[in-house]
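The values are calculated or read from the model by the stated rules, or taken from the named source; none is laboratory data. For clarity, every value in this text was computed on a predicted model and none was experimentally measured. Using ideal geometry, Cβ is built from the backbone for each residue, glycine included, and neighbour counts are taken over all protein chains shown.
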């Protein structure tokens, strides 16, 4: 699962280590004082604040990898643009069926601040991705039909991601969704027959600036 949220987790872990190091210095400087309990509580508070800041400031990165295993860059929902993403992947022929086009459908986000309403979908050559962009040309949904989670069942996935909850199931599919951070919702689909992961998607659930669709979605959500 390093590929799934590796960059995001590493940044937070490094930040936590810095916070803990600062706390050790504070404890050393105050060793002559009988305030060890207060110092400990203060250090815990510092680490907690640092962690919150890291989550708030470090964008979610999804490593883009071709089917041959070559990494071509990072997809950053809410930041990556359609033009930039197209340049990231191998050039496609003019008649390539996966070229940018209006989407027929897209994964439905059932939790979060905003329901993305993609205006464009792009299937990069050499991948199993469906990348959805809003009318501001910002990446709002990354769908991976060959996720590293493929082959796992609902219990195994939930064990790795406790925030995931059952958001719907029928005779064909089982769906889990959960909030990874304040703007990212993870969605996992399973085959109801095999009970194995078929698709994993990540949706950006915060407004992307001037996008009319996401802003409308936010207004509807508030009402």
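Criterion first (in a strand (DSSP E or B), modelled with pLDDT under 95 and crowded, with 18+ Cβ neighbours inside 10 Å) does residue 174 satisfy it?
yes
Any residue in region 195-210 that's over 15 Å from residue 129 (Cβ atoms) and outside the structural domain of residue 178 (by TED's automatic domain parsing): show its pairings with residues that are modelled with pLDDT of 95 or more and buried (at least 20 other Cβ atoms within 10 Å of the Cβ) at Cβ separation under 8 Å, as long as the two are six or more apart or on different chains.
Final answer for the pair search is none.
Can you tell which of 142, 157 is assigned to a strand (DSSP E or B) and in contact (Cβ under 8 Å) with a residue 40 or more places away in the chain?
Selected residue: 142, the only one of 142, 157 that is assigned to a strand (DSSP E or B) and in contact (Cβ under 8 Å) with a residue 40 or more places away in the chain.
Kindly indicate whether any position in region 132-139 is more than 18 Å from residue 209 (Cβ to Cβ) and in the same structural domain as residue 189 (by TED's automatic domain parsing).
No, region 132-139 has no match at all.
Is there any pair with a first residue in region 90-117 that is on the phi > 0 side of the Ramachandran plot and a second that is assigned to a loop (DSSP other than H, G, I, E, B) and at pLDDT 90 or above whose Cβ atoms are under 7 Å apart and which are 6 or more apart or on different chains, and what are they?
From residues that are on the phi > 0 side of the Ramachandran plot, the pairs are 112/205.
Starting from residues that are in a strand (DSSP E or B) and touching a residue at least 24 places away in the same chain (Cβ under 8 Å), keep the ones in region 54-89 and report whichever is farthest from residue 183 (Cα to Cα).
65
Suppose we filter 105, 126 for residues that are more than 24 Å from residue 169 (Cα to Cα) and either in a loop (DSSP other than H, G, I, E, B) or out of contact with any helix residue (DSSP H, G or I) (no Cβ under 6 Å at 6 or more places or on another chain) (or both); which single one remains?
Selected residue: 126, the only one of 105, 126 that is more than 24 Å from residue 169 (Cα to Cα) and either in a loop (DSSP other than H, G, I, E, B) or out of contact with any helix residue (DSSP H, G or I) (no Cβ under 6 Å at 6 or more places or on another chain) (or both).
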